[in-house]
1. Give the total of Lys-Lys pairs in the range 160-267 with Cα-Cα distances below 27 Å; include a pair only if its members are 8 or more places apart or on different chains.
2. Averaged per residue, what accessible surface does the range 191-248 expose to a 1.4 Å probe, in Å²?
3. Just the number, please: carbon plus sulfur as a percent of the accessible area of the range 178-330, 1.4 Å probe, no ligands or DNA/RNA counted.
4. Per the Kirkwood treatment, what hydrodynamic radius in Å, one decimal, follows for the range 116-178 from the mean inverse distance over all distinct Cα pairs?
5. Can you list the lysines whose alpha carbon sits under 30 Å from that of Lys159, skipping same-chain ones fewer than 8 residues off?
6. What are the residues whose amide H is under 5 Å from the amide H of Thr339, where those residues sit 5 or more places off or on another chain and H is modelled from the backbone?
7. Considering Cα pairs under 8 angstrom that are at least six residues apart, work out the relative contact order of the range 247-360 and quote it in whole percent.
8. Quick one: what Rg and Dmax do you get for the range 171-294 from the alpha carbons, in Å?
Amino acid sequence: MKILANREANLLLLAMASILLLMMAFGQFTAIFISGDYKQNMVAHDHRLAGYLLEKGIEPSQIAKAFTVEKTGSQAQAGRALLRAAGYTSAAQTHLFPEVQAFQQKYTLLFFVFSLSFSFIILAVLLLFLLRQNQIIEKANEDIRAFMDGNTRIRLDDKSEGSLAQFFSSVNGMATSLTTHIDNEKHRRQFLKDTISDISHQLKTPLAALKMYNEIIQNEQAGNEVVDEFAFKSERELTRMEVLIQNLLKLARLDAGTIKLEKENHQIKEFLEDTIKGFHTRAELENKEIRLDCSENITMNFDEEWLLEAVSNIIKNALDHTKAKDKIEIHCAETSILTTITITDNGTGIHSEDIHHIFKRFYRSRFSKERQGVGIGLTLSKAIIEKHGGSIAVESKPGKGTAFRLTFPKLTNL
């Protein structure tokens with residue numbers, strides 16, 4: 001196990017070493033104190049014993065010799081035999097020796113207090129260390145959350161030593177790398193936006209000129225079927241190019257984050273009715289039906305212009321993949337936390353191979369027979385819906401139809 005070597009760990013080790021030294025010094029002091037106390041008790045006992053012998057008429061000189069001269073082994077053995085006969089042995093109960101019992105009680109209490117105090121000091125030091133470490137980790141956690149919330153300039157305190165500081169230094173390195181990556185991504189997106197914008201603006205002039213030339217050719221009415229046919233095809237392709245350029249510009253603005261939504265409260269039903277009106281002519285010409293099922297009480301906070309773009313692209317996609325007499329149904333509903341708009345058709349459906357790719361830019365299915373689109377409408381719809389804080393999901397079965405479900409949490413409507 002690797003030992004922490006930072007400042008806090010060093011302080012902990014220093015405190016523990018100080019406590020151990022203090023304990024050793026206290027132990028030495030206690031040993032000296034115990035030996036002195038034991039000596040006093042032993043002398044006091046001998047005093048009482050000498051007084052007792054003196055009262056029994058034994059000569060003082062004999063009593064003094066009994067306590068001061070060196071005893072022989074035979075004397076010790078004879079004395080042990082004498083006292084054993086009177087029940088005075090080391091196996092006797094402690095309470096029969098008041099001096100011993102008092103000594104035991106005194107130092108039992110002393111060592112209990114010492115052990116309790118020592119344990120309390122150890123626990124206090126460890127607790128202070130853990131609290132300090134916890135404060136450091138909590139501060140690091142707050143800094144990491146601040147970084148995740150967008151303050152990319154914040155860094156953890158890695159000025160001390162040890163594995164914790166090394167870990168913080170690694171986190172700071174990762175944060176610096178992420179910040180660099182974020183900055184590069186911003187520059188890349190801005191460059192992409194500027195490039196697409198420049199190219200689109202450069203294309204507008206020749207595109208307008210081509211449309212004007214094509215209109216002149218159509219107005220000439222040359223009577224040549226080949227010329228008329230190709231003039232019509234040119235107009236269709238020029239219209240596709242114009243739509244593609246506009247959508248690319250919108251996507252570039254969304255990617256660069258330069259779009260600021262102008263949200264207001266709107267009735268969903270009224271909004272969807274206005275959206276459907278833009279497709280009435282095409283639906284009638286293609287003999288298709290668009291139905292709306294929505295309560296007038298449902299309201300939502302959104303940017304009408306941008307959400308109109310998103311919903312229109314999905315309805316257009318439904319029209320592109322249905323045949324005559326097919327239906328497109330739009331249903332809206334709300335709960336206490338969600339508002340949903342579901343656009344369902346009974347058209348050709350989406351192949352299982354394509355279901356996870358339909359929101360990719362310029363994605364074209366090899367199973368689709370429709371070739372008029374530019375493969376960017378659903379991508380733009382998804383970007384707009386997510387810009388509103390919502391999400392889009394799709395369910396489909398080939399030959400049975402497709403359902404796009406737009407979900408908007410009500411928290412995003414504030």
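The values are calculated or read from the model by the stated rules, or taken from the named source; none is laboratory data. Everything numeric here is computed off the predicted structure, so don't read it as measured data. Note that we place each Cβ from the backbone using ideal geometry, even for glycine, and neighbour counts take in every protein chain shown. Just the protein is used for accessible areas: all its heavy atoms, side chains included, with ligands, DNA and RNA removed. Shrake-Rupley method; radii C 1.70, N 1.55, O 1.52, S 1.80 Å.
1. 17
2. Working: 4240 Å² over 58 residues.
Per residue, the range 191-248 has an accessible area of 73 Å².
3. 51 percent
4. Values: mean 1/r = 0.0756 Å⁻¹.
Averaging 1/r across every pair of different Cα atoms and inverting gives 13.2 Å.
5. Lys2, Lys139
6. Result for Thr339 returns Phe408, Lys410.
7. On the way: 135 pairs, mean separation 28.7, N = 114.
Result for the range 247-360 is 25 percent.
8. 22.3, 75
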